[in-house]
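Structure first, commentary second.
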Amino acid sequence: MLLASTRATEVKKPKCIFCDGKHASSDCFNAQKLTLEEKQKIARDKNCCFACLLLVHSVRKCRKFLKCPVYSKKHVTLMCDQPQTLKNTNQKKEEEENPSGNDVNLSNANPNPKVFLQTLKAKLLSSDKEKTVRVLCDTGSPKSYILKNIAEEIKHPVSREETIKHSLFGGVSTKECKHNFYRIKLKKLNGNCNFEVSDQAVICENLEAMQVLIGADIMGKLLTGKRKLLSSGLVAVETHLGWTLMGKVPQVNTERVNLAMTVTVKSNCCKVRL
């Protein structure tokens, strides 16, 4: 009687050429972060096929049946250059649409229908200087801002620094950028208020020289609760810095209507600290 001895066949586990992990090279998560040139260099240095990423044969002699679902060429999906091309194209398009990556336009550029935004004039005070500035009241902004050049001109001391990434209407985001913060004091009608603002190179391109933006973080504390509905359909709103006007511009027989307007109403003096 013959005795037959059997030995279990030892299955060799795959070893990734990119990270030496115990998985197929085509499934390597770390390799997804590499460019096609970087992946090809690693495959070349380790004598691997560019198409299937297996050892000891070239792409010309590869007998694997492969078809990339993205590019329909003979290689595993990981070795496709199409995702990188799309990424570069999208990045280039985003940079063309927002070349500086830092400027923020906080208003709608569409002129029709024309709408009055809440604006006013106030005096910006420092230890030894005083400057009249145009202020935009925008409760759609979570932060308050001051033009960078105005803060430098009036020589306000920097209170702190923060890295900010702005998210704009439509899902557009700017690049992360460092901003200086200042504690400013505004004066109007013999009253004054002071609060923290961040510097910004551009506040609103299509409105005339807006130098300070008061956002939702401060605006609620400046409202007095008084408002008047005018016969024209516009609404006058009182703040501790004076009255502002907002609403759709009435149809008038003029070729051009300014989008920014200030209204001065005599009021009792006030002092607000925020």
Protein accessible area in segment 115-248, 1.4 Å probe - carbon and sulfur %: 50 percent
Principal semi-axes in Å for segment 120-246 [√(5λ), Cα gyration tensor, largest first]: 25, 20, 12
Backbone HN-Hα couplings from phi across segment 116-125 [Karplus 6.51/-1.76/1.60, Hz, Gly and Pro as x]: 7, 8, 6, 10, 7, 10, 8, 9, 8, 10
Kirkwood Rh, angstrom, segment 25-79 [1 / mean 1/r, Cα pairs]: 11.3 Å
Mean accessible surface per residue for segment 25-79, computed with a 1.4 Å probe while every protein chain stays in place, in Å²: 73 Å²
Subset of LYS123/LYS221; LYS15/LYS61; LYS129/LYS165 violating a 25 Å alpha-carbon distance limit: LYS129/LYS165
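The values are calculated or read from the model by the stated rules, or taken from the named source; none is laboratory data. Just so you know, these numbers come straight off a predicted model, no measurement behind them. Each accessible area value is taken on the protein alone, full model and side chains, heavy atoms only, with ligands, DNA and RNA left out. Shrake-Rupley method; radii C 1.70, N 1.55, O 1.52, S 1.80 Å.
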